[in-house]
1. Do the sum for the chain: with -39,500 (n - 2.57) for every DSSP H run of n ≥ 4, divided by all residues, what is the mean residue ellipticity at 222 nm, to the nearest 500 deg cm²/dmol?
2. Would you kindly calculate the mean projected area, averaged across all directions, of the convex hull enclosing the Cα atoms of the range 104-188, in square nanometres?
3. Given a cut-off of 19 Å, what percent of all Cα-Cα pairs of the range 173-312 lie beyond it?
4. Whole number in Å², please: accessible area per residue of the chain, 1.4 Å probe, ligands, DNA and RNA not counted.
5. When DSSP assigns beta bridges and you keep just the ones with both residues in the chain, what percent turn out antiparallel, to the nearest 5?
6. Show me 6-14, 355-363, 162-170, 268-276 ranked by packing, highest mean number of other Cβ atoms within 10 Å first.
7. With a sphere of radius 13 Å drawn around the Cβ of Arg246, what net charge do the other residues whose Cβ falls strictly inside it have (Lys, Arg +1; Asp, Glu -1)?
8. What relative contact order, as a whole-number percentage, does the chain give when Cα pairs under 8 Å and 6 or more residues apart are counted?
Amino acid sequence: ATAVQRLLDAGALPVGKTNLDQFATGLVGTRSPYGRCSSVADPARISGGSSSGSAIAVASGIVPLALGTDTAGSGRVPAAFNGLVGMKPTRGIVSTRGLQPACRSLDCVTTLTRTVAEAREALAVLTADDMDPWSRPVPAQLPVQVAATARVVAIPDGPLDLDPEHRRAWDRAVAHLATVVPHVVRVDISAFLEAARLLYEGPWVAERYAAFGHLLEPDGPHLDPVVRRIVLGGRELLAAFRGIDRLAALRRATDPLWLDVDALLLPVTPGHPTHAEVDADPFGVNARLGTYTNFVNLLDLSAVAVPAGSRDDGLPFGVQLIAPAFADGPLLDLASAWCGEPVDRPTALPGRSLVAVVGAHLSGLSLNPQLVRLGGRLSHRDRTAPAYRLLRLPGDGVPRPALIAGGQGAFPVEVWDLPSQGVGQLADAIPVPLGLGRVRLSGGAEVLGFVCAEGGAGASRDVSASGGWRQHLAEQA
């Protein structure tokens, strides 16, 4: 495999091959002709799969790095069950050439390590665009809506389907998040969860059948019966591609989230089953384990599982940080901060300035391309200090807001890194009564931003109650 060869070329020493759920079809780690694996913390509990042996090899100290796969969560689940970092990069930036496919369009090569620093080093070696038809190069710059530094993280706005021990550990993880980033927001994740259910209810089961269904006939003792039953079901789904249309709609429904937040924090699994529970319900237990992982590759997202302490019963508990495609670098920085590892923060380059935007220049809105043309890059998302009012300026052109000092509101902003020449050109293009002035952010720092003097507001309408410009536009729609 390309991934293995790149590690060898970088000086890695191969120790051996590891166990996994047969054909990488399973999140339990028990569907293998070579025997089932158990969590390093409790032999009665499953290891998680499909990359079960890789996780145990790292968690037990045999090796510092092992490769796994992640189509539905197969790298993140065993990482969570064994106290490891499981990095699932953006689809295609690590070649899958030489990998036995499960679902070619979704498969990812993942890493299992004990630290984020090791995951970062491994990903730098593994990333390569090659002859793999599913491979794609990493863009020279981050996508427009991806911030260089993640400071806004979303969590679900309602209760999650978690076992009691998992729920208490999740509550502690949410409390820890507030010490890692300055802004935590609550969001609706129902569209993400619906997308997760599509993985085994839509045409992707047929894709598994197309990849290795010929190896499942005739039946024999070398085949796991649960895997065989799942994949052979794909024969009847070869023409049932309605799920692709539904996924496209769900992708459109979830895309707006990434205009306001840098990452989404979720538990990796709803619980940590025992071997006995899997034996009693092999299909149901496995399906439930993918509740919060299945949608990530379907929606073309990047993710990393990180340890989040232990449950009350001492079992490892893991959470995952999820971000848009190609946000792998900022995502690993966020994971480092989560784990208390050093993070190399980007330093301001000479000849560049930070500019806070609050309205039509936000990512995805009408004037954002102006910042991109001027050489701008999204530095981070933030909020103003609670010292402003937000006004809607009068006029029939592009709707614009204005920040007025002297209020009590704190409003979402994007802080863009622009070359000094671009800042000058931006200032020349700003219509009266707006201008560039100092805007104080939530942490006390001051940057340039779009402001309006009190006397220049004229017939403006106060829209502070909306809580932000995107929210105001949504209310007007």
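The values are calculated or read from the model by the stated rules, or taken from the named source; none is laboratory data. Not measured: the values here are computed from a predicted model. In this analysis, Cβ positions are derived from the backbone assuming ideal geometry, glycine residues included, and neighbour counts consider all displayed protein chains. These area figures cover heavy atoms from the full protein model, side chains too; ligands, DNA and RNA do not enter into them. Shrake-Rupley method; radii C 1.70, N 1.55, O 1.52, S 1.80 Å.
1. Details: 16 runs with 143 residues, N = 477.
Value at 222 nm, helices only: -8500 deg cm²/dmol.
2. Values: hull surface 34.5 nm².
About 8.6 nm², averaged over all directions.
3. Numbers: 6119 of 9730 pairs.
Pairs farther apart than 19 Å: 63 percent.
4. On the way: 19950 Å² over 477 residues.
For the chain, the per-residue accessible area is 42 Å².
5. On the way: 55 of 65 bridges.
Approximately 85 percent, going by the DSSP bridge assignments.
6. Details: 6-14: 12.0, 355-363: 24.2, 162-170: 17.7, 268-276: 21.2.
Top of the packing list down: 355-363, 268-276, 162-170, 6-14.
7. Working: positive: Arg197, Arg242, Arg251, Arg252; negative: Glu194, Glu201, Asp245.
With Lys, Arg at +1 and Asp, Glu at -1, the net is +1.
8. On the way: 1025 pairs, mean separation 71.7, N = 477.
Taking the mean separation of contacting Cα pairs over the length of the chain, I get 15 percent.
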